[in-house]
Structure formats: C-alpha cells, structure tokens
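A short reminder: the numbers here are calculations on the coordinates, not readings from a lab. Here the structure is a predicted model, which means the values were calculated and not measured. Every residue, glycine among them, receives a Cβ derived from its backbone with ideal geometry; neighbour counts consider all protein chains shown.
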Amino acid sequence: MGPPGAGKGTQVRILSKMLNVPSMSTGDVLRAEVASGSELGRLAKSYMDRGELVPDEIVIKMVEKWLRESNARGGFILDGFPRNMRQARELDEILRREGMELTAAIYLDVPEDEIVRRLSGRLSCKICGVVYHVQFNPPKEDLRCDACGGELYQREDDKEEVVRQRFRVYVESTRPVLDYYRSSGKLLVVNGLGAIEEVNKRIIDGLREITRSR
Ligand code: AP5
Ligand code: MG
Ligand code: ZN
C-alpha cells in the first residue's frame, strides 16, 4: 500500500521474484482491460482517467478470481488492493473463506513532493507493465522495455491534475485502511525514500521480523 507513485509496482515485482510467489496489481489488470477494449475496460477507463476508484464490485471480483486461479496458496502479493474499507473487509472475508491469512500490509511511506518527481518521470511498458524512471531507473535502451522489448509510454493518469486527484482519493479512502491494519498489528511501515534496493532491503528485513515474531 502507499500513495500513487510510492513504488508499489517496482517493489512488488522484485519481491515476487525473490519470494517466488505470484503477485497481482489491480491497476495493471484494469489497464490491460482498457487496452483490450472490453466493455469492462471502457467502464474502468472512465474512472481511471479522472483519478477515481473503479467501483468496488469490479475490483473485488477481479481479486477473488485471481486468488482462486493463480496458485496463491503458497503465498501471494497484492499491489494496490485493498484501497478502501469496503475492499479491506471483503478481502478478509475472501481469505477467511479460502482458509488463508495476511502476513502483513506493507505501507510505503513517501512524501508528496517526491511522488510528483517520481510520477512525472515514469515510463511504463505497454506490454508487460514494468515501470522505469527517466532518471532514477532508466531503461537500457531508449523507450524500450528491458524485460520484454515493449514500447514505453507515459500513463494517461500521470497528468498533473489527475495525479493530484489520485492523491486526494488516497488520503480520503486508502489512509483509513492503514489504520485498520495498524490496529490489527499487521501494518509494516517502510520508509519509501532512497534507492530501490535500499527500500527493498527494508521490506525484506521488516517481513523477516514479522515472521520471526510469530
Ligand atoms: P494503480 O495502477 O494502482 O496506481 P497508483 O496507486 O496511483 O500507483 P502507481 O502505479 O501510480 O505507483 P506505484 O506505487 O506502483 O509506483 P511505481 O512502482 O510505478 O491504480 C491506477 C488506477 O486504477 C486508480 O487510480 C484507480 O482508478 C484504479 N484502481 C487500481 N486499483 C484499484 C482498487 N483496488 N480499487 C479501485 N480502483 C482501483 O513507481 C513510480 C515511479 O517511481 C516509477 O517511475 C519508478 O521507476 C520510480 N521509483 C520507484 N521506486 C523508486 C525509488 N526508490 N527511488 C526513485 N524512484 C523510484
Ligand atoms: Mg503501480
Ligand atoms: Zn515490458
């Protein structure tokens, strides 16, 4: 969890490889729907372009389906979900039904001015969704994805006024979810500033601490 541009996607990709568990980004799945031109994609786009949350029913169903179909029993990582209290409660319910439990809600703490810097320079792969940054994490070849050779582009919702709205939605809807996990002892607060590898090490150390103390 964390504000737009905190580094969720970047860290989840690394963690998913390190821990060898599947991961899912609700934002990536929604963007793939938009790109496919499906009816769901058209509906989602109308919210995403404004920086608003896509209706709960849609994303909850997506996550539920993914958890069922993606070999998540041995562990999993969610990126960008849950994003409001309804989604958090539904996730608890789904996991309870499936006999699974969350280890931690990882919160990447990054101040607003750094977010603007990160999002204004972000490049995303059209094909596989890997993210780069023109300055902080540049691709080897200009505008080509290192991982798959796909074309890199600037996300539609990275325009300044949409970023501002995404941040507002984060403060209003998602921050309360942090308190929810904090009160159940599941919140792992990680300083999201510094090099990508440094942030990654903090997450791994934090997770180690949690699993050791249980
Ligand atoms: P989503 O795709 O989840 O966007 P977001 O939450 O705004 O987060 P971002 O993907 O923009 O940032 P990130 O934290 O992944 O950062 P990244 O690693 O790319 O959601 C988009 C939209 O989909 C929402 O607005 C909503 O409409 C809809 N949606 C999604 N989930 C939903 C849900 N659950 N319910 C309802 N609607 C939903 O990094 C950013 C940049 O910084 C990159 O350029 C990266 O290279 C760079 N960077 C990363 N780490 C560092 C570092 N340590 N130092 C320097 N640069 C860094
Ligand atoms: Mg992301
Ligand atoms: Zn790619």
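Of the listed peptides 2-10, 26-34, 65-73, what is their order by residue-averaged count of other C-beta atoms within 10 Å, with the highest listed first?
2-10, 26-34, 65-73
Taking a point 7 Å from the Cα of GLU141 along the Cα-to-Cβ direction, the residues of the range 89-131 with backbone N closer than 18 Å to it are 123-131. Each DSSP beta bridge with both residues in the chain is either parallel or antiparallel, and the antiparallel ones are about 45%.
Working from label points 7 Å from Cα in the Cα-to-Cβ sense, the ALA195 to SER213 distance is 2.8 nm. In sequence order, the range 41-55 has phi-based couplings of x, 5, 5, 4, 4, 5, 7, 4, 5, 9, x, 9, 6, 5, x Hz under the Karplus curve 6.51 cos²θ - 1.76 cosθ + 1.60, θ = phi - 60°, and Gly or Pro positions carry x. Once you order the gyration tensor axes a ≥ b ≥ c over the Cα atoms, which shape class does the range 18-92 get: rounded for a/c under 1.5, otherwise prolate or oblate by comparing a/b with b/c? The shape class here is prolate.
Full extension of the chain segment joining ASN20 with GLU93 gains 23.8 nm, where the gain is 0.36 nm per residue of separation less the Cα-Cα distance.
Take the Cα of MET100, step 7 Å toward its Cβ, do the same at ARG86, and the gap between the two points is 2.3 nm. Once you have a ≥ b ≥ c as the square roots of the Cα gyration tensor eigenvalues for the range 97-182, tell me rounded if a/c is under 1.5, and otherwise prolate or oblate according to whether a/b is larger than b/c. Oblate, because a/c is 1.5 or more while a/b does not exceed b/c. If you sort the three axes of the alpha carbon gyration tensor as a ≥ b ≥ c, you get a/c under 1.5 for the chain, which makes it rounded. Going from the fewest other Cβ atoms within 10 Å to the most, the residues PHE136, PHE81 appear in the order PHE136, PHE81.
Sequence-distant contacts, meaning Cα pairs under 8 Å at least 6 residues apart, place the relative contact order of the range 1-61 at 16 percent.
What is the Cα centroid distance between the range 152-214 and the range 112-132, reported in whole angstrom? One Cα centre to the other: 15 Å. 3J(HN,Hα) couplings calculated from phi for the range 172-182 with the Karplus curve 6.51 cos²θ - 1.76 cosθ + 1.60 (θ = phi - 60°) are, in sequence order, 6, 9, 8, 4, x, 5, 4, 5, 4, 6, 4 Hz; Gly and Pro show x. Among the listed pairs LYS8/LYS201; LYS45/LYS126; LYS17/LYS201; LYS61/LYS186, a Cα-Cα separation exceeding 18 Å is found for LYS61/LYS186.
If R0 is 41 Å, what FRET efficiency do you get for ARG68 and GLN165 from their C-beta distance, rounded to 0.05? Computed FRET efficiency for ARG68 and GLN165 comes out at 0.80.
Ellipticity at 222 nm from helices only: DSSP H runs of n ≥ 4 in the chain, each -39500 (n - 2.57), divided by the residue count, give -15500 deg cm²/dmol.
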